[in-house]
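> Would you mind keeping the following structure in view while I ask a few things?
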Amino acid sequence: MAGIRIEHLYKRYGKDKQTVVNDFHLDIKDKEFLVFVGPSGCGKSTTLRMIAGLEDISEGEIYIGDQLVNDLPPKDRDIAMVFQNYALYPNMTVFENIAFGLRLRKLPRHEIEQSVKRAARVLEIEPYLNRKPKELSGGQRQRVALGRAIVRDPQVFLMDEPLSNLDAKLRVQMRMEIIKLHKTLETTFIYVTHDQIEAMTMADRIVVMKDGVIQQIDTPETVYTTPNNTFVASFIGSPQINLIEGKIVEDIPGSGKLQFQTSRFLLPIPQEAARVLVHHNKVNKRVTLGIRPENIGLEGLFSDAIITGAYKVSELMGADRFLHLDIGQDKLLVVRVNAYYHCEENENIRIVPDMSKALFFDADSGVRFKI
Amino acid sequence: MVQRLLGLRWKGSRLQAMDGFQKLLTLLMIVMSVFMLLPIVYIFNHAFKPYHELFVYPPAFFVREPSFQNMNELLSVTSRSTVPMIRYLFNSVFISGLAVVFVTGVSALCAFPISKHKFPGAKLAFSTILLTLMFAPEVIQIPRYLVVSNLGIMNSYFGHLLPMLAMPIGVFLLKQFIDQIPDALLEAARIDGANEFFVFIRIVIPVCMPAIATVAILAFQNSWGNVETSSLFMLDDEMKSFAFFLSTLTNNLAGNVAMQGAAAVASLIMFVPNLIVFIILQGKVIATMAHSGIK
Ligand SMILES: Nc1ncnc2c1ncn2[C@@H]1O[C@H](COP(=O)(O)OP(=O)(O)OP(=O)(O)O)[C@@H](O)[C@H]1O
Ligand SMILES: [Mg+2]
């Protein structure tokens, strides 16, 4: 049981010192389920591998518990890791795969047997203990990899996209099992994924990364409702948040009431958001408005603020349907409606955004305005 | 009925599933393997030919009246020599055994760091090893002699072994194979608590078994047929190898009728262990990465 402290961690590769992890600073609490999420190549794996000791640290410090582990080899860090391609030892049976770490620790034979059996029972792989990895399916292999990690009873679990080789259905199932595992084991988990749904469903806290830089560290709810910038806003959530370019104007000069203006429509800005925008001196300046598809309704659900958009395409997602409307912006506006909703191509649809949920970002840097 | 006896029916059904190109390829392969088989069949037949058959013209491929005459001749020749044949045999078996173990060991120990540990000069080291593949054996005879004599291991088993120990082709084969092992496999073992030696013994070697088996075959052939170390570095007759002994038997035979029979049996005896080693190890050679469940 231990927390992890990562202090100003850097990783640079090659002669030209290309920085792939940039000033990574993070306190991971004991027993926390932390998820690193970000697009491909943003440095998630590299960070995880530095924590594991598989990659040298260019600069900065990593503490596991109170111990500085920068110069400790992986085997002395008391961690377990699950890899994307399972990395099972092909020459050993499932039993031997799981027992490998225990044998290296010179545990008595009966203890090894007990631990392996117990882990196999938890993961429901008891019938396969005598098989070789090549005789297992992908999901079974991943369970064995998990088993290999849990028998060691480490201080920290590290997982690098453990589910990305599984099919969609199995992925959902394994997701739940890993969450259960975390609950029963009560150990610190660090989980790497590029799948924001995995991050949202599993994490206690999410670390969103881009180009080696942390964009935001927060609970899934906070990251979703108040993203730090447009990158986080669009990366988390599916379908993506709507980002609309526009300008802040005063309703009646001197009244203090602000409106969001595009070439086609005007939207009122609630008091609180208006205060923040004034604080940042954005009146008569360009900003980006962000609003999620579920915060836009069809006419009649909310009060004023009506946008008219021409219907282009729709996506049916079971209970919901997402309409893509042309509202005169570069990108189509996505609106969530009832699955039974029907309309014709290019039909004009009147929609009402819930402006209390609207987010305002700097038009250039993409940073969200807050006080 | 005849078809069934020859197993042609089974083959026929397999053939039907092939397209024209595959059929042609299969045919070519069959012709090739028959061609490759000829010398082996010849060696076996030749060894059992009585003298009058050894010298018939045109030479006959198959033996007509098999006899053990040649065997007896070889035995009588060897019983006349001061060192018993069994001693030469022991030397060869002993050296070849050591060679198989140590050549595979050294090659793997060399290939593993070159393949999986990024140290400065790894590429240079590997290129140098590859370069030595191109040296003709004659080129390195004198340097070898100097090394062996300066080490003071002339006339010892170590003098047999050392010159054979560095086998560039073995390093090359193993390096190519180890390259294919995913890094994650070794990293998993390291995290599980294995040190580098353990990773090597418990993961790399078992996973590389096909390549190891190939290198073992090469090492065996290399050492079993080796006469160079015996003629250059061994002073006493009882330290020399079986291959060397047989070559002395057959060397003075050019244009000589006597002892041709013994020579024929000798080549058979030289050949059979190669065949046995190959048959034992070939099952392992054929297993490939695809079958090992890594990917
Ligand atoms: N050995 C290396 N040498 C040079 N650059 C590297 C090396 N390993 C990784 N990189 C670079 O570091 C960056 C981060 O890689 P990393 O593997 O951490 O990405 P990731 O976030 O895990 O992406 P993915 O989701 O695709 O796994 C990438 O741009 C990659 O090109
Ligand atoms: Mg990765």
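Just so you know, all these numbers are worked out from the coordinates, no wet-lab data involved. Because the structure is a prediction, the values reported are computed rather than measured. Here the Cβ is made from the backbone with ideal geometry for all residues, glycine too, and neighbour counts use every protein chain on show.
> Give A:K11/B:K118; A:K132/B:K284; A:K210/A:K247 a once-over and call out the pairs whose C-alpha atoms are over 19 Å from each other.
A:K210/A:K247
> Same structure again: Quick one: among A:L163, A:L266, A:L243, which has the greatest mean-square fluctuation in a GNM of chain A with alpha-carbon springs under 10 angstrom?
A:L266
> Hey, another quick one. Give the average, rounded to an integer, of partner chain Cβ atoms located within 10 angstrom of each Cβ in A:78-89.
For peptide A:78-89, the averaged partner shielding equals 5.
> Please list the non-local residues whose amide H lies under 5 Å from the amide H of A:K210, H modeled 1.01 Å from N, same-chain partners needing a gap of 5 or more.
A:Q215
> Now for a separate question. With each label point set 7 Å from Cα along the Cα-Cβ vector, what nm distance links A:I179 and A:Y341?
Result: 2.7 nm between the two label points.
> Let me ask something additional. Calculate one ³J(HN,Hα) per residue across region A:41-50 by plugging θ = phi - 60° into the Karplus curve 6.51 cos²θ - 1.76 cosθ + 1.60, and present them in order as whole Hz with x for glycine and proline.
Result, ordered by residue: x, 8, x, 5, 4, 4, 4, 4, 5, 5 Hz.
> For A:N242, enumerate residues with amide H under 5 Å from its amide H, sequence gap 5+ or separate chain, H modeled in the peptide plane.
Here A:I291, A:R292 satisfy the definition.
> Please report the spacing between the Cα centers of region B:171-213 and region A:227-304 in Å, no decimals.
Answer, in whole Å: 58.
> Related question: Show which aspartates and glutamates lie in cross-link reach of B:K49 when reach means a straight Cα distance below 12 angstrom and same-chain residues fewer than eight apart are skipped.
Leaving aside aspartates and glutamates fewer than 8 places away in the same chain, those within reach of B:K49 are B:E65.
> Check the straight Cα-Cα distances from B:K116 and name the aspartates and glutamates below 19 Å, setting aside those fewer than 8 residues away within the same chain.
Straight-line reach from B:K116, under 19 Å: A:E55, A:D56, B:D179, B:D183, B:E187, B:D192, B:E196.
> HN-Hα J couplings of region A:172-187 from phi, Karplus 6.51/-1.76/1.60, θ = phi - 60°, integer Hz, Gly and Pro as x?
Result, rounded to whole Hz: 4, 5, 5, 4, 5, 5, 5, 4, 4, 4, 4, 5, 6, 7, 6, 10.
> Per residue of chain A, what 222 nm ellipticity follows from adding -39500 (n - 2.57) for every DSSP H run with n ≥ 4, rounded to the nearest 500?
-7500 deg cm²/dmol
> Can you compute the label reach from A:V172? Point 7 Å from Cα along the Cβ direction, backbone N cut-off under 17 Å, restricted to region A:222-248.
Answer for region A:222-248: A:238-239.
> Ranked from highest to lowest mean number of other Cβ atoms within 10 Å per residue, what is the order of the peptides B:76-89, A:346-359?
Working: B:76-89: 13.5, A:346-359: 16.7.
Ranked from most to least packed, the peptides come out as A:346-359, B:76-89.
> For a quick protection proxy, order the peptides B:238-249, B:90-101 by their average other-Cβ count within 10 Å, most packed first.
So the order, starting with the most tightly packed, is B:238-249, B:90-101.
> Would you mind ranking A:L54, A:L181 by Cβ crowding within 10 Å, fewest neighbours first?
Sorted ascending by nearby Cβ count, the order is A:L181, A:L54.
> For the residue pair A:K357 and A:R131, what label-to-label distance in nm results when each label sits 7 Å from Cα along the Cα-to-beta-carbon direction?
Result: 4.5 nm between the two label points.
> Just in region A:312-371: which chymotrypsin sites (Phe, Trp or Tyr not before Pro) are loop by DSSP and have at most 12 other Cβ atoms within 10 Å? All intermediate terms of the calculation are to be shown ahead of the outcome.
Working: sites: A:F322, A:Y340, A:Y341, A:F360, A:F361, A:F369; in loops: A:Y340, A:Y341, A:F369.
Answer in residue order: A:Y340.
> If you don't mind, another one. Please report the spacing between the Cα centers of region A:1-68 and region A:344-361 in Å, no decimals.
Computed from Cα coordinates, the inter-centre distance equals 40 Å.
> I want the antiparallel fraction of DSSP beta bridges within the protein assembly as shown, as a percent rounded to 5.
Of those bridges, close to 75 percent are antiparallel.
> For peptide B:192-199, compute the average count of partner chain beta-carbon atoms within 10 Å of each residue's beta-carbon.
Values: counts 17, 13, 6, 3, 1, 0, 3, 0.
Counting other chains' Cβ atoms within 10 Å and averaging over B:192-199 gives 5.
> Greater than 30 Å separation of Cα atoms is the criterion. Which listed pairs, A:K180/A:K357; A:K117/A:K183; A:K17/A:K285; A:K183/A:K357; A:K180/A:K370, meet it?
A:K180/A:K357; A:K17/A:K285; A:K183/A:K357; A:K180/A:K370
> So, one more: Using each residue's phi in region B:90-97, evaluate 6.51 cos²θ - 1.76 cosθ + 1.60 at θ = phi - 60° and report the 3J(HN,Hα) Karplus result to the nearest Hz, with x for Gly and Pro.
My calculation for region B:90-97 gives 4, 3, 5, 4, 4, 5, 5, x Hz in order.
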